[in-house]
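Written below as structure tokens is the structure these notes are about.
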Amino acid sequence: MSPIRSASIAALASAVLATTLTGCQFGEEQQDTSPIVIAADLELSGASAPTGKVYQRALELKAEQLNSSGALGGRKIELKVKDNRSDAAESLRNINDFSSDSHVSAIIMGGCNECAVGAVRAIDEKRIPTIALASSGAITEPVADRRYVFKLAPNATDSAAALTTELARRNIRKVAVLHSADNYGQEGLNALSREFDKAGIRLLGAKAVRTTDVTSQVAELVERKPQALIVWTPPEQASLAAASARQDKFAGALFFDASAAGDLFLGASARTTEKATLIFTQTMVIDDVIATTPAKAARRQWFQDYTAHFGGYNGFSSFAADAVQLVADAELRAGGEPGRVDRNALRDVLETAQLDGLSGPIRMTPDNHSGLMPQALTTLVARGGRWRLAG
């Protein structure tokens, strides 16, 4: 090495050391470069694996975007992902493991309703902030017993209200309901029944399904000759229900709750779902929307980035991305000693979080830990093998 280069390096090292010492002498705060560790309990195998893998992709993409943006200062997000195998007992083991890791700031849980509901007691006892991407209201209610639990998926009451409004607009007065045999499915049926009573819509029958064999239940409902069949199930059951209804010569309208959303392009189910109506967030069709606000521009960019990375779009991805953003924002706002995780402070910040998210407007309050606002939901229709804005 040349003498000049050696001298230059020595001078630079001295300057850095002097700056560091001066900063310490005058009480300047050292930049926090500790990682923001977010744990994720996801359905990566088992019945719900397709949706769980969508969440994993979205978490990784959003973390990568935030890490490269400089928005976190000197900090980076690190993800710790575990497969719960679509099993509530395995999910609870994951939650206990994550909560015992002092480096973990918060947990994001996937779309398994039973997993999230089954873990709420442990989450509150361990005092670890957790955002669930599942839909059941029992995840966050009553709030007094779920102080550390939050959720982002659409609420049953909001979906039922939006769906009933569309039924009334189209003058549909006789309906049947196929719903999943879990907490959210029962919540949906109850919420729909209340809305139907107010709107003067008659419920001709309802059937619950637990497996992907929906043939007999759909046949029984179609026999009652409803004007519309409402399908309140996850995507795979919903597409099978649509196929069964068409096979049974059902000529009425098909309506899907938000839980039936999935890929933008309908693929093999395109023919049987043509003209079906879906209640979901605008992110699914944001490429059809003019980006007139920063929030809409961000949603369009997310749509394009996700599609570019993975070759297609899935509506549920935005909830996972918003969960990462909420945790990152809360960690930065919570402050505290560099390198030390303060879960209580993080929880307090999450409880008042406000975000114009990729899914839509999100508002958390001490009385409401289910943050997605009703205004986030819109009406979509299947046309030409993909979802489009209705109208």
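The values are calculated or read from the model by the stated rules, or taken from the named source; none is laboratory data. The model shown is predicted, which means the values in this text are computed figures rather than measured ones. Ideal geometry is used to build each Cβ from the backbone, glycine not excepted, and the neighbour counts take in all protein chains shown. Areas reflect the complete protein model, heavy atoms only, side chains present, ligands, DNA and RNA absent. Shrake-Rupley method; radii C 1.70, N 1.55, O 1.52, S 1.80 Å.
Some notes on this structure:
- For the stretch 127-269, carbon and sulfur atoms together expose 47% of the accessible surface, with a 1.4 angstrom probe and every protein chain in place.
- Neighbour count of at most 16 Cβ within 10 Å plus DSSP loop: longest GluC sites (Glu not before Pro)-free window in the chain: 30-273
- In the chain, lysine pairs with alpha-carbon atoms under 20 angstrom apart (chain gap of 8 or more, or interchain): 24
- Total formal charge among the other residues, if their Cβ is under 15 angstrom from that of residue 345, Lys/Arg +1 and Asp/Glu -1: -1
- A straight chain from residue 49 to residue 219 at 0.36 nm per residue would run longer than the Cα-Cα distance by 58.4 nm.
- Angle in degrees between helix 88-99 and the longest Cα principal axis of the chain, rounded to the nearest 10: 20
- Accessible area of the chain divided out per residue, in Å², using a probe of 1.4 angstrom: 45
- More than 31 angstrom apart: percent of Cα pairs within the chain: 40
- Given charges at beta-carbon only (K, R positive; D, E negative), |dipole| of the stretch 271-391 in Debye: 580
- Degrees, to the nearest 10: 156-169 long Cα axis against longest axis of the chain: 40
- Taking the DSSP beta bridges with both ends in the chain, the antiparallel portion is around 30 percent.
- Between the Cα long axis of helix 3-25 and the first principal axis of the chain there is an angle of about 70°, rounded to the nearest 10.
- Overall dimensions of the stretch 267-391, expressed as equivalent-ellipsoid semi-axes from the Cα gyration tensor (√(5λ), whole Å, largest first), are 33, 15, 13.
- Annotation for the stretch 220-315: trypsin sites (Lys or Arg not before Pro) lying in DSSP loop with at most 16 further Cβ atoms inside 10 Å of their Cβ are 224, 249, 275.
- Springs join every pair of Cα atoms under 10 Å in this Gaussian network model of the chain, and among 70, 357, 111 the largest mean-square fluctuation is at 70.
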